[in-house]
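The values are calculated or read from the model by the stated rules, or taken from the named source; none is laboratory data. Please read these numbers as outputs of a predicted model, since none were measured by experiment. Here the Cβ is made from the backbone with ideal geometry for all residues, glycine too, and neighbour counts use every protein chain on show. The protein model used for the area step is the full one, side chains on, heavy atoms only, and it has no ligands, DNA or RNA in it. Shrake-Rupley method; radii C 1.70, N 1.55, O 1.52, S 1.80 Å.
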Amino acid sequence: MLSSVPTLIAFDLDGTVWTPDMYELWGGGAPFTATNDPNQILDSKHVPVTLCGDIRGTLQMLRQDATFSDTKVCYVSCTDEPTWAAECLELFKCDDGTPLSKVVHAELNQIYKANKQTHFRQLQEATGIAFADMVFFDNEKHNCQSVSKLGVVCIHCPNGMDKDVWTGALETFAASKT
């Protein structure tokens with residue numbers, strides 16, 4: 001049992017939840033289509049978009065594990081193509097068939113062009129959750145450095161989400177509370 005869990009967990013999309021970044025699909029992009037592989041969809045030019053690590057399992061666990069019943073989960077992304085991101089979040093599904101768009105508190109999503117500090121200030125204003133009670137996962141170090149200045153526990157995951165990143169993040173957050 002964890003001694004302390006975040007009140008809010010936010011995931012970047014491009015390079016953290018999936019690869020490639022949406023802008024890398026210019027010339028293709030929407031519409032996207034599902035494949036037989038639950039970790040991959042295809043853009044209109046048949047370029048694969050692939051989930052990183054174990055993000056499906058992590059999101060499903062956050063939704064089902066009672067330890068996180070009071071934790072808000074959302075996506076925070078300054079993607080160049082927010083409508084494409086929304087379509088991808090509908091097509092990718094957890095093992096129980098729930099779209100990735102529905103395993104989070106979608107009303108909190110910050111998926112628009114802005115800097116990450118702006119996104120987190122909006123989250124803090126909308127939820128009243130202290131920055132120190134938030135965890136943010138991002139593959140870009142500069143975003144982690146920027147958001148950490150607000151007091152958010154930032155986890156740099158240059159290869160996207162995987163089980164080791166997730167486990168380490170929970171330990172880092174718990175240590176920040178002691």
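Just give me the residues in region 5-27 being in a strand (DSSP E or B) and over 30 Å from LYS177 (Cβ atoms), in sequence order.
Filtering region 5-27 for residues in a strand (DSSP E or B) gives 8-11, 14, 18-19.
Listed by number, the residues that qualify are TRP18, THR19.
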What's the total number of residues in region 57-74 that are β-branched (Val, Ile, Thr) and more than 12 Å from the chain's Cα centre (by Cα)? 2
Residues being touching a residue at least 24 places away in the same chain (Cβ under 8 Å) and either of a type outside the set (A, V, I, L, M, F, W, C) or exposed (fewer than 13 other Cβ atoms within 10 Å of the Cβ) (or both): count how many of those fall in region 44-56. 4
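Inspect region 135-157 for any residue being modelled with pLDDT under 95 and open to solvent by less than 20 Å² (accessible area, probe 1.4 Å) and give the result as yes or no.
Step one: list which residues in region 135-157 are modelled with pLDDT under 95, which gives none.
No; the residues of region 135-157 include none that is modelled with pLDDT under 95 and open to solvent by less than 20 Å² (accessible area, probe 1.4 Å).
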A careful count of residues in region 140-178 that are outside any strand (DSSP E or B), within 18 Å of LEU8 (Cα to Cα) and in contact with a Cys (Cβ under 7 Å, 6 or more places away or on another chain) gives 5
Testing PRO20 on (1) open to solvent by less than 50 Å² (accessible area, probe 1.4 Å); (2) within 12 Å of the chain's Cα centre (by Cα); (3) not aliphatic (A, V, I, L, M), one condition comes back false. Which one is that? (2)
Criterion (among the aliphatic types (A, V, I, L, M) and either free of Cβ contacts under 8 Å to residues at least 40 places away in the same chain or open to solvent by 50 Å² or more (accessible area, probe 1.4 Å) (or both)) met by exactly one of ALA169, ALA174, ALA130: ALA169
Among residues of region 60-108 being closer than 25 Å to CYS144 by Cα and among the acidic types (Asp, Glu), the residue least open to solvent (accessible area, probe 1.4 Å) is GLU81
